[in-house]
Amino acid sequence: MINALSLLVGWVLDLLLGDPAWLPHPVVGFGKLIAIGERRLNRGSHRKFKGALMAVVLIAAVFAATSFLLTYLVPRTSYLEPRTSYLEPRTILSLLISSVLIFYCLACTTLIREVREVFRAVDRSLEEGRARVARIVGRDTSQLSAQEVRTAALETLAENLSDGVIAPLFWLALLGVPGMMAYKMVNTLDSMIGYRTERYRDFGCWAAHIDDVANYVPARLTALLMIVSHRRSSLFAFVLRNGRRHASPNSGYPEAALAGILGCRFGGPHTYFGQVFEKPYIGDTCRTLTNADVLTAIRVNRKAELLMVAMVAMCLLLKTLC
């Protein structure tokens, strides 16, 4: 019951606030820990082993720390003790902490705001659009065309619906708030060191593989929810055909779903850390993206998010009843 209430409170907080710049965020702390570990361990021999060890230790530490925090606060009950009141201070404190952690793990509102601003910025000037999209993508944006800026923003919107909303909620349903927090560490590790560049190819190998496993089901579930929210069953075949074209085993599915909904094409060459990576195209229609497209994409994201929140809330309530 506490997790279901916490989910609703955390989700509403994300809808209202997004990620305020003034509010300390645990993912920033995750990033600092990863950066420190990478500087100290990503050198010499056995880099793959050291990268795997760092990833496993950090993920396990986040899960254990969150579990300890919530276990310590949640009231102890047993068949021999009277049922604990939901108005007890420790219960309320546990609810508040769980709600805040769930709020931190959801990233839909901020991303939607950023993507909107990218489209507005590129309408004003190409340079402003490039600078704005650089805030939400890892690739080099200095040479992107206006079309490529808009494409990059929409690709990120689709991919991060999975990484920033559906996957955290999936792990919340499966392993509770500790699992949700551990997933955020997995995702942060991948976003920082999970690249096939000379520097990270060995050290970040396991971080990337763990992220692939953690997102396997959520990525496909994201595509399914997008199709259901758009009410076009004909997109199933399109997603199955195009989703596997992506270099990532997961990212292609939500991107294919959005490309099919918008009738556009994603993919192509991307530059990371000075290296050009040729990514297969997802979709067949190369057309100019417009402001109407971003509005459609946002509407699909919100509907998919709402469906997932409802399903996870029901799942958490059923766990309570069982």
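Read the figures in this text as sums done on the coordinates, not as results from a lab. Quick caveat, the model's predicted, so the values are computed rather than measured. Cβ: placed from backbone, ideal geometry, glycine included. Neighbour counts: every protein chain shown.
Brief remarks follow.
- When the charge dipole of segment 124-278 is built from unit charges on Cβ atoms (+1 for Lys and Arg, -1 for Asp and Glu) and taken about the Cα centre, the candidate among 160, 263, 131 whose Cα reaches farthest toward its positive end is 263.
- Around residue 121: net Lys/Arg minus Asp/Glu count, Cβ-Cβ under 15 Å: +2
- Put simply, when 303-315, 287-299 are sorted by average Cβ atoms within 10 angstrom per residue, most first, you get 303-315, 287-299.
- Backbone amide hydrogens, once placed in the peptide plane, bring residue 279 within less than 5 Å of 268, 270, excluding anything fewer than 5 places away on its chain.
- Segment residue 197-residue 113, extension gain: residue separation times 0.36 nm, minus the distance between their alpha carbons: 27.2 nm
- For residue 19, the residues whose modelled amide H falls within less than 5 Å of its own, excluding neighbours fewer than 5 places apart on the same chain, are 110.
- Within the chain: Cβ-based charge dipole about Cα centre, in debye rounded to nearest 20 (Lys, Arg +1; Asp, Glu -1): 300 debye
- Answer label for volume of the Cα convex hull per residue in Å³ (calculated), chosen among (i) 141; (ii) 122; (iii) 161: (i)
- Degrees between helix 2-17 axis and first principal axis of the chain (Cα, 0 to 90, nearest 10): 40 degrees
- Each residue of segment 222-236 was assigned a 3J(HN,Hα) from its phi angle through the Karplus curve 6.51 cos²θ - 1.76 cosθ + 1.60 (θ = phi - 60°); the sequence is 4, 4, 4, 5, 5, 5, 4, 5, 8, 6, 9, 5, 5, 6, 4 Hz, with glycine and proline shown as x.
- Euclidean distance between Cα centres, segment 1-65 to segment 92-119, Å: 14 Å
- The listed peptides 223-230, 137-144, 114-121, 237-244, ordered by packing as a protection proxy, come out as 223-230, 114-121, 237-244, 137-144 (highest mean of other Cβ atoms within 10 Å first).
- Theoretical FRET efficiency, 1/(1+(r/R0)^6), r = Cβ-Cβ of residue 303 and residue 124, R0 41 Å, to 0.05: 0.90
- For segment 1-68, trypsin sites (Lys or Arg not before Pro) are listed when DSSP marks them as loop and at most 16 other Cβ atoms sit within 10 Å of their Cβ; the list is 43.
- Charge dipole of the chain about the Cα centre (unit charges at C-beta), most positive-ward option of 118, 289, 180: 180
- J(HN,Hα) series, segment 138-145, from Karplus relation 6.51 cos²θ - 1.76 cosθ + 1.60, nearest Hz, glycine and proline x: x, 7, 6, 10, 5, 10, 6, 7
- J(HN,Hα) series, segment 165-172, from Karplus relation 6.51 cos²θ - 1.76 cosθ + 1.60, nearest Hz, glycine and proline x: 9, 5, 5, x, 5, 4, 6, 5
- For the chain, calculated [θ]222 nm from helices alone, where every DSSP H run of n ≥ 4 adds -39500 (n - 2.57): -23000 deg cm²/dmol
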